[in-house]
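Asks: My structure is below; once you've seen it, I'll send some questions.
The values are calculated or read from the model by the stated rules, or taken from the named source; none is laboratory data. Just so we're clear, the structure is a prediction, and the values are computed from it rather than from any experiment. Every residue, glycine as well, gets a Cβ built from its backbone with ideal geometry; the counts of neighbours run over all protein chains shown. Surface areas here come from the heavy atoms of the whole protein model, side chains and all, with no ligands, DNA or RNA. Shrake-Rupley method; radii C 1.70, N 1.55, O 1.52, S 1.80 Å.
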Amino acid sequence: MGIPGLEDLHIWISIPFCSMYIVALMGNILILFIIKTETVLHEPMFYFLSMLAITDLILSTSTLPKMLGVFWFNYHEISFHACLTQMFFIHAFSGVESGLLVAMALDRYVAICNPLRHSSILTNSVVAQVGMVALLRGLVLMIPHPFLVRRWPYCQSTAVPHTYCEHMAVVKLACADISINSLYSLAVIILIVGTDVTCISLSYVQILRTVFNLPSNDTRLKTLSTCGSHVCVILTFYIPALFSFLTHRFSKHIPRHTHILLANMYLLVPPRLNPIIYGVRTRQIRECVLQLFMTKIS
């Protein structure tokens, strides 16, 4: 249905949405190209960043093309199996992105708290294994979602009041007791977010403890600046996601279109901002991008 209550504004809403999608595509593809071609960036932090860029591309591409079809061409139909597939990709790769943020926090922890052993601890095989664990965890925990949704009868409305097949928006259309879906979804969110935020927090407690034991203010600031990009990415992912989750489940007074817009921001904003944040704040990427464009100009 797009955004119920704002149908007359769909064309105008599509402009910033499409702009964010284009920026997300171009930015993340550029990040992947730079990391692949520049050997100086073949380090654990940039390997994790490339995994994050791929995840962002999957998240934005699984939602935006269909959403723009609704906004531009009033193409509201989607098959049931395509809806379940979209639901799985959205929720699974949101979990993968959360896991990758933990992996990047681990990289910063080892780099700052145990720098002499960084290369021996985070070898290429370890980085690949950590990335695989993040991927498998997201996929395995979200596999039950489409199967649980598929088992219910849908005997009334089949119009999803959302811009994409969000789990609770679809399952609320079922003519059955959906408490098992609600409880499982809540348990998975608490497990993923609770575990990941705890691990990230513990990593940064150790990082801050190490930084404040450094001898000079300049060294402290330089060391903290290496974590700045990661902290910004964490905030752009978790704040919209948690705000959307809390308002969706616990606030009955917020209009439906506000819920939907928040749910879209949590999927659209991080893929757009992540390459910009790392491109601006990470010296190695910034220098490689400038070198690439200077070479093109000359």
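Asks: Please enumerate the residues belonging to segment 13-52 that are within 20 Å of residue 231 (Cα to Cα) and of a type in the set (Val, Ile, Thr).
Replies: Passing the criteria: only 31.
Asks: Could you list, in sequence order, all residues of segment 28-49 that are open to solvent by 20 Å² or more (accessible area, probe 1.4 Å) and not hydrophobic (A, V, I, L, M, F, W, C)?
Replies: 36, 37, 38, 39, 42, 43, 47
Residues are listed down the side, and each one gets a yes or a no for (1) open to solvent by less than 10 Å² (accessible area, probe 1.4 Å); (2) under 30 Å from residue 65 (Cβ atoms); (3) under 27 Å from the mean Cα position of the chain (by Cα):
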| residue | (1), (2), (3) |
| --- | --- |
| 118 | no, no, yes |
| 136 | no, yes, yes |
| 149 | yes, yes, yes |
| 152 | no, yes, no |
| 157 | no, yes, no |
| 180 | no, no, yes |
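Asks: Is there a residue being crowded, with 18+ Cβ neighbours inside 10 Å, within 20 Å of the chain's Cα centre (by Cα) and not aromatic (Phe, Trp, Tyr) anywhere in segment 205-222?
Replies: No, that holds for no residue.
Asks: Same structure, new question: Considering only segment 195-226, state which residues are of a type outside the set (Ser, Thr, Tyr) and closer than 19 Å to residue 139 by Cβ.
Replies: Selection gives 196 alone.
Asks: Answer yes or no: is there a residue in segment 268-275 that is among the hydrophobic types (A, V, I, L, M, F, W, C), open to solvent by less than 40 Å² (accessible area, probe 1.4 Å) and either modelled with pLDDT under 75 or under 15 Å from residue 90 (Cβ atoms) (or both).
Replies: The answer is yes, given that some residue of segment 268-275 is among the hydrophobic types (A, V, I, L, M, F, W, C), open to solvent by less than 40 Å² (accessible area, probe 1.4 Å) and either modelled with pLDDT under 75 or under 15 Å from residue 90 (Cβ atoms) (or both).
Asks: Test residue 126 against the stated conditions and say whether it is buried (at least 19 other Cβ atoms within 10 Å of the Cβ), farther than 18 Å from residue 223 by Cα and at pLDDT 90 or above.
Replies: Against the criterion (buried (at least 19 other Cβ atoms within 10 Å of the Cβ), farther than 18 Å from residue 223 by Cα and at pLDDT 90 or above), residue 126 does not qualify.
Asks: For segment 28-65, give me each residue that is of a type in the set (S, T, N, Q) and assigned to a helix (DSSP H, G or I). Quick ask: steps written out before the conclusion?
Replies: Let us first name the residues in segment 28-65 that are of a type in the set (S, T, N, Q), namely 28, 37, 39, 50, 55, 60-63.
Those that are of a type in the set (S, T, N, Q) and assigned to a helix (DSSP H, G or I): 28, 37, 39, 50, 55, 60, 61.
Asks: Conditions: (1) at pLDDT 75 or above; (2) under 19 Å from residue 49 (Cβ atoms); (3) of a type in the set (S, T, N, Q); (4) in contact with a Ser or Thr (Cβ under 9 Å, 6 or more places away or on another chain). Residue 258 meets all but one. Number of the miss?
Replies: (2)
Asks: Quick one: how many residues across segment 223-235 are of a type in the set (Val, Ile, Thr) and buried (at least 20 other Cβ atoms within 10 Å of the Cβ)? Even if it seems obvious, please write down each step before you answer.
Replies: Going through segment 223-235, the residues of a type in the set (Val, Ile, Thr) turn out to be 223, 226, 231, 233-234.
When the remaining residues are screened for being buried (at least 20 other Cβ atoms within 10 Å of the Cβ), the result is 233-234.
Adding up the residues that qualify gives 2.
Asks: Residue 192: within 25 Å of residue 235 (Cβ to Cβ), modelled with pLDDT of 90 or more and not polar (S, T, N, Q), yes or no?
Replies: yes
Asks: Could you pull out the residue among 68, 25 that is in a helix (DSSP H, G or I) and open to solvent by less than 30 Å² (accessible area, probe 1.4 Å)?
Replies: 68
Asks: Any residue in segment 74-91 that is of a type in the set (Ser, Thr, Tyr), farther than 19 Å from residue 289 by Cβ and either surrounded by 20 or more Cβ atoms within 10 Å (Cβ to Cβ) or out of contact with any helix residue (DSSP H, G or I) (no Cβ under 6 Å at 6 or more places or on another chain) (or both)?
Replies: yes
Asks: Just checking, which of 161, 240 is in contact with a helix residue (DSSP H, G or I) (Cβ under 7 Å, 6 or more places away or on another chain), open to solvent by less than 50 Å² (accessible area, probe 1.4 Å) and farther than 29 Å from residue 48 by Cβ?
Replies: So the residue among 161, 240 that is in contact with a helix residue (DSSP H, G or I) (Cβ under 7 Å, 6 or more places away or on another chain), open to solvent by less than 50 Å² (accessible area, probe 1.4 Å) and farther than 29 Å from residue 48 by Cβ is 161.
Asks: Applying the selection to segment 163-186, what residues are modelled with pLDDT under 90, of a type outside the set (Gly, Ala, Ser) and assigned to a loop (DSSP other than H, G, I, E, B)?
Replies: 166, 172, 173, 175, 177, 178
Asks: If residue 53 satisfies every condition in (1) open to solvent by less than 20 Å² (accessible area, probe 1.4 Å); (2) more than 28 Å from residue 162 (Cβ to Cβ); (3) of a type outside the set (D, E, K, R) but one, which is the exception?
Replies: Exception for residue 53: condition (2).
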